[in-house]
Amino acid sequence: GDAVLDAGCGTGRALPALRAAVGARGTVLGFDLTPAMLAAARQAGRDRDGTLALADVARLPLRDGCLDAVFAAGLISHLTDPRSGLCELARVVRPGGSFALFHPVGRAALAARHGRALTPDDLRAEPNLRPLLARCGWRLDSYTDEDTRFLALAVRQG
């Protein structure tokens, strides 16, 4: 019965899993800034699992505290202003709500895939991500950075 947003949903690959998590009475939203990604999500039939909308994560068309959770796969590297985007996501999540920042490969594997080395200023590095989230009203509760996945779980502070 929860309300969840896939922020920067792309082709909507996470929407079926989010639907399964919230059940038939829950609400699943998939927002992306790219019309072509949303069209691909619709073509794949993923609009059956949630409501798709063209929206900018930096200016969400949602009221304060209306969501229970936000899922974001690969989002942070696409934000022009990561602090502003993470604060906007916090605005729409109720106190005690959850935020999952995910990537299917870890930071080192992703850097290697792009032919670059990890740098100390990488936003997803725990010493950078923890204070960034805190400034936006999130408390980082869990941090995993392995070759096969990156997952940071945070809770919205009241």
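The residue that is farthest from GLY65 (Cα to Cα), among those in region 122-145 that are open to solvent by 90 Å² or more (accessible area, probe 1.4 Å) and out of contact with any helix residue (DSSP H, G or I) (no Cβ under 7 Å at 6 or more places or on another chain), is PRO127.
Here THR80, THR148 are screened, and the one residue that is at pLDDT below 95, under 16 Å from GLY8 (Cβ atoms) and exposed (fewer than 14 other Cβ atoms within 10 Å of the Cβ) is THR80. Looking across region 29-70, the residues that are touching a helix residue (DSSP H, G or I) at 6+ places or on another chain (Cβ under 7 Å) and not in a loop (DSSP other than H, G, I, E, B) come down to GLY30, ASP32, ALA41, ARG46, ASP47, LEU52, LEU54, VAL70. Scan region 42-61 residue by residue and report those that are at pLDDT 95 or above, hydrophobic (A, V, I, L, M, F, W, C) and either over 24 Å from GLY1 (Cβ atoms) or buried (at least 19 other Cβ atoms within 10 Å of the Cβ) (or both). Once the filter is applied, which keeps residues that are at pLDDT 95 or above, hydrophobic (A, V, I, L, M, F, W, C) and either over 24 Å from GLY1 (Cβ atoms) or buried (at least 19 other Cβ atoms within 10 Å of the Cβ) (or both), region 42-61 yields ALA44, LEU52, LEU54, ALA55, LEU60.
For the condition out of contact with any helix residue (DSSP H, G or I) (no Cβ under 6 Å at 6 or more places or on another chain) and touching a residue at least 12 places away in the same chain (Cβ under 8 Å), what is the one hit in ARG94, ARG113?
ARG94
Looking at LEU18, LEU5, just one residue is closer than 19 Å to VAL93 by Cβ, open to solvent by less than 30 Å² (accessible area, probe 1.4 Å), assigned to a helix (DSSP H, G or I) and of a type in the set (A, V, I, L, M), and that residue is LEU18. In the set (1) among the aliphatic types (A, V, I, L, M); (2) open to solvent by 70 Å² or more (accessible area, probe 1.4 Å); (3) in a strand (DSSP E or B), the condition left unmet by LEU118 is number (3).
The values are calculated or read from the model by the stated rules, or taken from the named source; none is laboratory data. It should be emphasised that the depicted structure is a prediction, and the values quoted were computed from it without experimental measurement. Using ideal geometry, Cβ is built from the backbone for each residue, glycine included, and neighbour counts are taken over all protein chains shown. Ligands, DNA and RNA are excluded from the accessible area calculation, which covers all protein heavy atoms including side chains. Shrake-Rupley method; radii C 1.70, N 1.55, O 1.52, S 1.80 Å.
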